[in-house]
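One structure below.
The values are calculated or read from the model by the stated rules, or taken from the named source; none is laboratory data. Fair warning: this is a prediction, and the values are worked out from it, not measured in the lab. In this analysis, Cβ positions are derived from the backbone assuming ideal geometry, glycine residues included, and neighbour counts consider all displayed protein chains.
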């Protein structure tokens, strides 16, 4: 599905819960309690792909409104309905959300830099399962890691981003 072009607009202050790479199957197990507890009071959940199934998306929707992008492991139904990139406006800050897979052989980090760095204030991505909070070309780069498949990381993770008069990204590990 093509990238969404028009940004969705939200007022600030806002608290975002950020997840990626949940990789839960068609018969999903419940979301882990530290993740549920961490997302309990957010205003909006951003999922950076590899949700896997619509049922998993509904688990997150039970906690807060969700905006998601497609990942490389998502079922055909999600691949047909979710965009590759989403854009947002949070008060005066622009943001982009993408998974970061299969972009001309680039790593997820390289793909997000090429697609969003220097073009938005905040770029959120997934795919690598590696948590990251950094910046390039004046853009805050944020990868929440994975709350279910930590792979190369010592602990599972997700993110919380508070946006008011500035952007406050925070990685949470469990």
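What the table below lists for this structure:
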{"item": "Segment 129-145 - residue that is in a loop (DSSP other than H, G, I, E, B) and surrounded by fewer than 21 Cβ atoms within 10 Å (Cβ to Cβ) and, of those, modelled with the lowest pLDDT", "result": "130"}
{"item": "Of residues in segment 157-174 being in contact with a helix residue (DSSP H, G or I) (Cβ under 8 Å, 6 or more places away or on another chain) and modelled with pLDDT of 95 or more, the one surrounded by the fewest Cβ atoms within 10 Å (Cβ to Cβ)", "result": "160"}
{"item": "Qualifying residue in segment 114-125 (condition: assigned to a loop (DSSP other than H, G, I, E, B) and touching a helix residue (DSSP H, G or I) at 6+ places or on another chain (Cβ under 8 Å))", "result": "yes"}
{"item": "Helices (runs of 4 or more DSSP H) (entirely within segment 1-113) containing at least 2 residues that are out of contact with any helix residue (DSSP H, G or I) (no Cβ under 8 Å at 6 or more places or on another chain) and under 17 Å from residue 161 (Cα atoms)", "result": "33-39"}
{"item": "Some residue of segment 85-95 being under 19 Å from residue 149 (Cβ atoms) and touching a residue at least 12 places away in the same chain (Cβ under 8 Å)", "result": "no"}
